[in-house]
Structure formats: C-alpha cells, structure tokens
Ligand SMILES: Nc1ncnc2c1ncn2[C@@H]1O[C@H](COP(=O)(O)OP(=O)(O)OP(=O)(O)O)[C@@H](O)[C@H]1O
Ligand SMILES: [Mg+2]
C-alpha cells in the first residue's frame, strides 16, 4: 500500500514543497498516525478526508508542531522542521473552533501573530487592513469576536491565519461550525480567497462533498493510514480499495472469486448476484483469487422488460424508491436478499414512454462490462 | 411544578429569613442605643460610634486585619493562580494526583490542625534557623495565604477548564512563546476568576479566628480576636457599632459588584443582539 502511495507522489510533477516521510504518532498503545507518506506541491489545496478518529487532526497537529512525531520526518521547502517548536514554524493553522481571542478586537486578533514577529507598527497596520479587505471585514475591525456571527468569525480566523503569509496553511474542519446552507456558500468563497493569496494548504474534513469541491487533491485516511491519494475524479472513478469506494459516494459491492481469467477479460462468480460479473479488461491476479467488484448506482441500468439471463444481469423486486428531485434511487432486492441500488433520471421513464415501476414490481438490473471496478482489498 | 408556594412553605421561608436577619437588624438597632446595657433600650445615640473610633486598640486591630487580608489575598492570588494553572493544564505528571490533593487539603482540614501544625513548624524553624524571630504579621500572613491560595487555585482551575485550550494553541501557532501566552492570553481570560479569588481571600482572611489564634503574637491582635475577647467579657455596644459598619461596607461592596456584573452582561447581550440583527440583514 505504502508503495503505491510513494509512486503516485513521485510521479507528481515538480519537486514536493512539503514532504511528510513515514510519519508515525503513538499515544501509549494507540497508533493515531501509522506511517504516512505524503508529498504536497506548492500552491496546492490538499484535503485529508476520513471518518472520525482516523488521525486527521493528529497529522495536522504534527505539521503545526503541537505534537511531536514518534518517528518520521517533515520537510517544508527544503528545511527539516520535524523538531521545530510551533512558534518557530512558518506554518499557521485555522482551528475548528476558530480560537479567536475573546478579549481582543478583530484587528488585534489579526495583528497578534505580526506583533510576535516584532513587525514595525506601520507595517502591522497596513497588513491588518489588507487582511480585513481580503475577507471583507473592514467594517468590523473594532468588534470583539462575540459580536460577530459564525460566518464572520470564520472569516476573521482565516484572515488571522493568513496574516503572517505562512508557507503552509492548515485548516482543521474549516467550515465544520457553520450550518449546511452557509457552508456550501462559504466553500467557494474560501477557495477563491486561498487562490487569491496563493497559499499551499492542507485541510482536514470528514465531509466528502466539501473535500471534492475545494481540493485539488484528496487523501483518504483510515485508521491512521493514507489509503489513496488523487484528484477528486480519480478517487471517485478509480478507487483502489473497498474503503475508498464505499467512503466516497455510494456503491454496490459484490464479493467473489475470479473464475475466468483471460488477458482481456475476467469473470467473477457472485453468489449474491446469482450470476457472474463480466469485466472487459484483465486484472493482475491468479484465478480463484477473492476480489470485490464495485459498481456505482448511476452505472446500474433498470429495466422493466425481461432481460436475457447471463453475466451482469439480475432479476429482483423494487424494495424501496428514494425520490431525490432530478433523479431517483431504486433499491432492488435480489433473490439472495442483496439490495442493489440503481440511479435513474427523473425523466427516463417518461421519455421512453414506460410506466415507472413501483414497490414490489419485478425489474432487471444490468451494467456494461466496462463499469465494474475490481478491488483486491 | 407548583407556581405558588403552599402556605406551609411560605411560613418556613419567612421563619428562615427572620432567623437569619433578626439578629443582624437588632444588632444594628442596638448600636444606636444610648444605654450601656445591651438589652435595654435607652434612647437614640451615636456615641458608641464615636467611642469606637476613639478606641485605639480596636482601630489598630482593624488596620492590622486589613493589612493582613490584602497581603494574604495578594500572595494567595499569585500562588493560587500558578497552582490552578498547573492543575488544569499539566494533566499528567508524576505525583499530579498527590499535588491536587495536597493543594485542596487546607480547605477540608480542620483549622485547628492547620493552625497547630504551622505553629509547631514556626517554633522549630525559629529554633533551627532563627526565622521567624517572633509570631506576628509574617506568621499570620503565611497561615492565611496557605488557606486562601487553596480557594484561589480551585476557582482558577475550574475557570481554566472551561476555556477552550485551542486559544492557547492558536497563540503558540501564531508565534507566541509559552510564558508570553500565559500573560497575554491565559491571564486575561481568567482575570474574573482571579478577582473573585482575591475577594474571597480577603473575606476569608478578615474573618479567620482559629488559625490566627495559633499564629499571632502578643503585639499582633486581629479584629476577630479583639471582638471575640471583648464579647467574652460581656456584650458591648461598641462592638455592635463595629459590626454595623461591617454589615454596611459588605452590603455596599456586594451590591456594587452585582451592579457592575449585571451591567457588563447587559452590554454584552446588547452587542450580540446587534451583531445578529446585522448579519441577518446582510444575508
Ligand atoms: N492527546 C491524545 N492522547 C491520546 N490519544 C489521542 C490523543 N489525540 C488523539 N488521540 C487518539 O488518536 C486517534 C486519532 O485522533 P484524531 O483526533 O487525530 O482523529 P480525527 O481523525 O481528527 O477525528 P475527528 O474527525 O473526530 O476529529 C483517536 O483514536 C484518538 O483517540
Ligand atoms: Mg479532528
């Protein structure tokens, strides 16, 4: 696993700006971060995505210097910063709770880091004004944090973490404290601001939509390990393991042994499907190997007319229908009891002059042989 | 449950309040009594107040008590804040449980024992190193500080536990060193707790009789000691006058503190409401 990650990183164009080399963090018996290798390019927005407790915050805190790695190295812009104290690192962080100093005004909050650097007063004032303009908070310079709404606090926190022009910006659940509607609107605003100042940025989130919208690349974390790194599209279309396939988006997963292994095609026997899954490309692996086939609901066709029995086809009953506006998700229960999800455009039935199937109707699910993704772990 | 108090509960309430306040009211009334006999009303007079202020023994005790109270509160606030910080922020160090227990021990230990053990300590110190040379201001001050700093530590610790620790992390992230963070971020955030710890210490010290009794010397008699010794010889209208003044001062201070706190809260609420209105109008 580590090998594939390394290769992916090495093939990335340009020298890495930040290199995280085999970093491990143990808290007593628990290993929070388990051998993470990661290269980040300059001006990239990288998202660490993973379920709760998988070690995202711990990794971020090690980058900020708040935790010391048990082993491994962190190199930023050619400098080994592994042992550097947080106050000496050219890295700033925006905290999940924003951590605005309640006894200081907005302007003083933004100026705090600059004052620590003993910057001349005139320059501080100019930089604070620039930051306030950047996040459109100039009017609120003299407010105290408790006099601001959640979205405004988020912008002040961003301005404060950008004020020192850090080489690396860390964002821990940057929008986690906002409600859903505000969050979607703020995502794009935040990306715009980050691109405007041109800062290299690592964000942590457990909201996949947020990661997909904001990041240029995503790293999927589980139990302290980085399972896959890639662009949002790569990760969605070519997951390299079951965890990623199921974590990003929705999928139908079938387990079974490889029963036909030709150079340009394979067949997997799926007892749950009641037939074989035919895939029109070869895989590296011996016949008889246990693998998983992942098929996205939008790639599953739904038919009301009987289909010829064979690979990639199964018969079932409509078990549930979820209407989601422009499309619906049909849950089809197969004879084995397995439920297959199929996404159907809302106008599909009408355009083809078909009466939409309803609960209990017999339907046929099928997919093209190039659709399943074969996963070996 | 019940919006109205039953007559029985009302009765209990009234009796309770009477029980608490009748002694204080009668004390104030009798401080204006012309007669020297405390139990007989002899007409209105302020002469006991005049004689109180002329009484050098009482005035010296008042002065000493206030000095000790301020000095102890000051020392207790400094030491107690540091102890509270350690208790709240350094969660696991060898002996941390023991430290926490020892820190709060003076609060639960019978004062007789605290006082006695300190007395023994001072006596043996005097024999070994000659310091303190006599019992007086210094010894009382040390005793009161020990007692008060436990309270300050508890108040400061619980306030620190409420504060989001990422504030301190953020300050460090922005380039501030630990000592600077303590003074620029942590201290301002716990300043209210420190202030209330200070006031608590002042009252504890002003009021303390038992520990003081062990630690005071011939030349140093505090106000509670004077009152106690005078009252033991019989009730005394001068003491009534002194007590009335104390009630007045304490009452005014408490009302003022409440008023200031309410005011601050009201301003804060107004500001928050204004911010909400504006952000509502913007979006
Ligand atoms: N200071 C600590 N002491 C002991 N264990 C810790 C400490 N910090 C984190 N852990 C453990 O390390 C693991 C990873 O924690 P971490 O906070 O990095 O998760 P996370 O991915 O950020 O989760 P979330 O999305 O819930 O914030 C967890 O099992 C957690 O209990
Ligand atoms: Mg976290």
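Descriptive notes on the structure:
- Taking a ≥ b ≥ c as the square roots of the eigenvalues of the Cα gyration tensor, an a/c ratio of 1.5 or more together with a/b no larger than b/c marks chain B as oblate.
- Exposure proxy ranking for A:156, A:260, based on other Cβ atoms within 10 angstrom of each Cβ and starting from the fewest, stands as A:260, A:156.
- Mean ellipticity per residue at 222 nm, deg cm²/dmol - from DSSP H runs of n ≥ 4 across chain B, formula -39500 (n - 2.57): -26500 deg cm²/dmol
- Springs join every pair of Cα atoms under 10 Å in this Gaussian network model of chain A, and among A:280, A:264, A:237 the largest mean-square fluctuation is at A:264.
- Spatial separation of Cα centroids for the stretch A:272-335 and the stretch B:45-63, in angstrom: 98 Å
- C-alpha long axis of helix A:2-11 to longest principal axis of chain A, angle in °: 70 degrees
- Going from the fewest other Cβ atoms within 10 Å to the most, the residues B:103, A:131 appear in the order B:103, A:131.
- Average partner coverage of B:173-186, which counts Cβ from other chains inside 10 Å: 6
- Partner shielding of B:162-170 amounts to 6, given as the average count of beta-carbon atoms from other chains within 10 Å of each residue beta-carbon.
- In this simple spin-label model, placing a label point 7 Å from the Cα along the Cα-to-Cβ direction at both residue A:68 and residue B:90 gives a separation of 1.6 nm.
- Between 0 and 90°, nearest 10: helix A:180-197 axis offset from chain A longest Cα axis: 60 degrees
- Max mean-square fluctuation residue, GNM over chain A, Cα-Cα springs under 10 Å, options A:195, A:223, A:351: A:351
- Our note on the geometry: Cα centres of the stretch B:113-147 and the stretch A:115-187, 55 Å apart.
- 20 Å binning of all Cα-Cα separations within chain A, expressed as whole percents from 0 upward: 25, 45, 25, 5
- Between helix A:106-116 and chain A: long-axis angle, C-alpha atoms, 0 to 90°, nearest 10: 70 degrees
- Label positions at residue B:9 and residue A:88, each projected 7 Å from the Cα along the C-beta direction, are separated by 6.5 nm.
- At full extension, residue A:358 and residue A:184 could sit 59.2 nm farther apart than now, given 0.36 nm per residue minus the alpha carbon distance.
- The relative contact order of the stretch A:252-375, computed from alpha carbon pairs under 8 Å that lie at least 6 residues apart in sequence, is 29 percent.
- The stretch A:113-176: C-alpha gyration tensor shape, a/c 1.5 cut-off, then a/b vs b/c: oblate
- Using C-alpha pairs below 8 Å separated by at least 6 residues, the relative contact order for chain B is 29 percent.
- Mean per-residue shielding of peptide A:146-154 is 4, counting Cβ atoms of other chains within 10 Å of each Cβ.
- Label zone of residue A:264 (point 7 Å out along Cα→Cβ, amide N under 20 Å): in the stretch A:342-377 this covers A:368-374.
- Estimated from the Cβ-Cβ distance and a Förster radius of 51 angstrom, the FRET efficiency linking residue B:22 and residue B:134 is about 0.75.
- When A:238, A:87 are arranged by Cβ crowding within 10 Å, least crowded first, meaning fewest neighbours, the order is A:238, A:87.
- Mean Cβ neighbour count within 10 Å, used as a protection proxy, ranking B:230-239, B:61-70 highest first: B:61-70, B:230-239
- For chain A, the 222 nm mean residue ellipticity estimated from helices alone, with every DSSP H stretch of n ≥ 4 adding -39500 (n - 2.57) and the total spread over all residues, rounds to -7500 deg cm²/dmol.
- Cα gyration tensor, the protein assembly as shown - rounded (a/c under 1.5), prolate or oblate: prolate
- Remark: spin-label model distance residue A:115-residue B:262 equals 3.4 nm, labels positioned 7 Å along the Cα→Cβ axis.
- The residue A:246 and residue A:333 beta-carbon pair, evaluated with R₀ = 22 Å, returns a calculated FRET efficiency of approximately 0.65.
Here, each number is a calculation from the coordinates, and none is a lab measurement. What you see is a predicted model; the values in this text were computed from it and never measured. With ideal geometry, Cβ positions are generated from the backbone for all residues, glycine too; neighbour counts draw on all protein chains shown.
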